[in-house]
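A short worksheet on the structure shown next.
The values are calculated or read from the model by the stated rules, or taken from the named source; none is laboratory data. Keep in mind the model is a prediction, meaning the values are calculated, not measured. Virtual Cβ from ideal backbone geometry, glycine too; neighbours counted across all protein chains shown.
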Amino acid sequence: MILTHYYHQNDRPFQTLSLLSDAAALEIISSFRSRTEAVYRRFSNPVEYLSNRRLTESWLRDKFIKKGGQPLVKYPQYFVIDRSVWIEEGYDGQSKVVQIPISAFNPDRVSFTYPDSMISYWLKSQTEQAFYHSEYHGEVFRFGEIHDIIDRFGIPEREWQTDPTRKYDLFIEAQVWESIKE
C-alpha cells in the first residue's frame, strides 16, 4: 500500500497549520483564499475552517489513542491511500506528490478515516442522510481495520461524481502520527 501526500507546487511538503498559533494560521489560511484551485474552497471562511480543524484533530487523536494508537506527535501529517482523483483535479495541475510505502511507518502511528477526517467528523452528525454510511463515516481506523473497510467498500475513485449516496467519499485519508523529514 502506498500513501500519497499532495501539496501545492509553490509550497513545501509536510507543512501543518496546526503547529501555528491561531493568528499565524489564520494569516496563512487567508492567503489561500486567493488561490483559485478547488481544493482551496474550504478556506473561504478562515476562522470557521481553523475552528473545525482544531475540533477534528482533537477528536481524531483521542479516538486513535482509545483504539490503541501511539502517536508521537500532537498533529498528524496527512496522506491518502494510493491516490485521489478529486485532489489531483482540485489542484488543477498545480500539485506535487510525495509517495511513501506504508511499510515505512510503524502501524501504531498511522490512523485512517474514510473519507477526509474533517468531512468524516462532520458526517457523524448526518446519520439521517442518504450519503451517511455508519460502517465508516465518523470513524477512525487502525491499519487492520481499514483493510476490512477497503475489502467491503473499495478505495474511492469517481463514485462521488455519479452516486449521490457516495458524494463525500472522495478518498481514504491516512494520518501519520510521527515526524516526517522532507
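Scan the stretch 146-154 and give yes if some residue there is in a helix (DSSP H, G or I) and in contact with a helix residue (DSSP H, G or I) (Cβ under 6 Å, 6 or more places away or on another chain), otherwise no. No, there is no match, as no residue in the stretch 146-154 is in a helix (DSSP H, G or I) and in contact with a helix residue (DSSP H, G or I) (Cβ under 6 Å, 6 or more places away or on another chain). Quick one: is TYR7 in contact with a strand residue (DSSP E or B) (Cβ under 9 Å, 6 or more places away or on another chain), closer than 23 Å to ASP148 by Cα, aromatic (Phe, Trp, Tyr) and surrounded by 13 or more Cβ atoms within 10 Å (Cβ to Cβ)? No: the conditions fail for TYR7. Of the listed requirements (1) surrounded by 12 or more Cβ atoms within 10 Å (Cβ to Cβ); (2) over 15 Å from TYR7 (Cβ atoms); (3) hydroxyl-bearing (Ser, Thr, Tyr), SER21 misses just one: (1). Name the residue that is modelled with the lowest pLDDT, counting only residues in the stretch 73-97 that are assigned to a loop (DSSP other than H, G, I, E, B) and of a type in the set (Gly, Ala, Ser). Residue satisfying both the conditions and the ranking: GLY93.
Checked against (1) modelled with pLDDT under 95; (2) not in a loop (DSSP other than H, G, I, E, B), GLN126 passes all but a single condition, namely (2). For the stretch 70-88, the set of residues classified as of a type outside the set (A, V, I, L, M) and surrounded by 14 or more Cβ atoms within 10 Å (Cβ to Cβ) consists of PRO71, TYR75, PRO76, GLN77, TYR78, PHE79, ASP82, ARG83, SER84, TRP86, GLU88, listed by residue number.
Search the stretch 27-58 for residues being surrounded by fewer than 17 Cβ atoms within 10 Å (Cβ to Cβ) and within 25 Å of GLU178 (Cα to Cα), and hand back the single one that is modelled with the lowest pLDDT. It comes out as ILE28.
The residues listed here are ILE155, ILE100, ILE180; of these, the one that is at pLDDT 95 or above, aliphatic (A, V, I, L, M) and over 22 Å from PHE43 (Cβ atoms) is ILE100.
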